[in-house]
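Asks: Dumping the structure here so I can ask a few things about it.
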């Protein structure tokens with residue numbers, strides 16, 4: 001049985017760009033170490049918006065252009081990008097059905113024992129994709145490494161971790 005690591009949206013705009021935070025910048029070395037030490041497949045997701053972002057529902061609710069395709073802010077952090085072996089999964093919204101389908105296909109090929117999530121933001125895209133993985137593969141162990149995640153705020157990070165626990169997602173390295 002295999003284990004999968006999903007690196008969620010470790011992009012420049014979320015680290016030190018348009019929506020960056022000190023907490024996001026602080027997890028970069030931890031995520032890099034996690035990827036380097038991981039023995040299994042590693043998939044990256046990439047928040048991807050177009051030039052008309054402000055016209056979208058998300059853009060109307062969060063009017064901060066970010067992760068616009070082919071801009072520096074859209075790119076995965078260089079020290080993490082160099083560790084990629086798979087093509088990143090571009091996603092237009094918080095959760096990625098494409099990721100769920102990919103995980104389900106992987107599971108058919110070689111059953112998945114555990115899927116670990118790291119990345120940004122705990123309270124938006126990490127929780128969305130962890131819950132999607134739970135829906136696509138209810139018997140796989142779904143784990144979130146809290147030390148390798150950051151939320152929009154420290155408070156919303158903690159709230160998201162608590163919500164995931166209730167949904168039978170295991171939280172590791174919680175402070």
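Taken together, the values in this text are just the output of simple stated rules run on the coordinates, not laboratory data. Just so you know, these numbers come straight off a predicted model, no measurement behind them. Cβ sites come from the backbone with ideal geometry, for glycine too, and all protein chains shown count toward neighbours.
Asks: Using just the helices of the chain, give the 222 nm mean residue ellipticity in deg cm²/dmol: DSSP H runs with n ≥ 4 each add -39,500 (n - 2.57), and the total is spread over all residues, rounded to 500. Spell out each step's value before the answer.
Replies: Working: 7 runs with 65 residues, N = 175.
Only helices count here, giving -10500 deg cm²/dmol.
Asks: For the stretch 71-175, calculate the relative contact order in percent as a whole number, restricting contacts to Cα pairs under 8 Å that are 6 or more residues apart. Kindly include the intermediate steps, with their values, before the conclusion.
Replies: On the way: 128 pairs, mean separation 26.4, N = 105.
Relative contact order comes out at 25 percent.
Asks: Can I ask one more? Relative contact order for the chain using alpha-carbon pairs under 8 Å, separation at least 6, rounded to a whole percent?
Replies: Working: 333 pairs, mean separation 46.4, N = 175.
Relative contact order comes out at 27 percent.
Asks: As a footprinting exposure proxy, order 107, 16, 47 by other Cβ within 10 Å, with the fewest listed first.
Replies: On the way: 107 19, 16 15, 47 26.
Going from least to most buried by this count: 16, 107, 47.
Asks: Now a separate question. Specify the angular offset, from 0 to 90 degrees and rounded to the nearest 10, of the alpha carbon long axis of helix 154-166 from the longest principal axis of the alpha carbons in the chain.
Replies: Rounded to the nearest ten degrees, it is 30.
Asks: Sketch the reach of a paramagnetic label on residue 18 as a point 7 Å from Cα along Cα-to-Cβ, and name the residues of the stretch 122-148 whose backbone nitrogen lies under 17 Å away.
Replies: Counting only backbone N, you get 125.
Asks: Sort 25-36, 4-15, 148-159 by packing, meaning the average of other beta carbons within 10 Å per residue, with the highest value first. Write out the running numbers ahead of the final one.
Replies: Values: 25-36: 16.5, 4-15: 25.7, 148-159: 19.7.
Ranked by mean Cβ neighbours within 10 Å, highest first: 4-15, 148-159, 25-36.
Asks: Give the angle, between 0 and 90 degrees and rounded to the nearest 10, that separates the Cα long axis of helix 22-37 from the longest principal axis of the Cα atoms of the chain.
Replies: 40 degrees
Asks: What do you get for the angle between helix 97-109 and the principal long axis of the chain? Use alpha-carbon atoms, 0 to 90 degrees, nearest ten.
Replies: Roughly 20 degrees between the two axes.
Asks: Taking Cα pairs under 8 Å and at least six residues apart, what relative contact order does the stretch 90-132 come out at, in percent? Could you put the intermediate results ahead of the total?
Replies: Numbers: 21 pairs, mean separation 24.5, N = 43.
For the stretch 90-132, the relative contact order is 57 percent.
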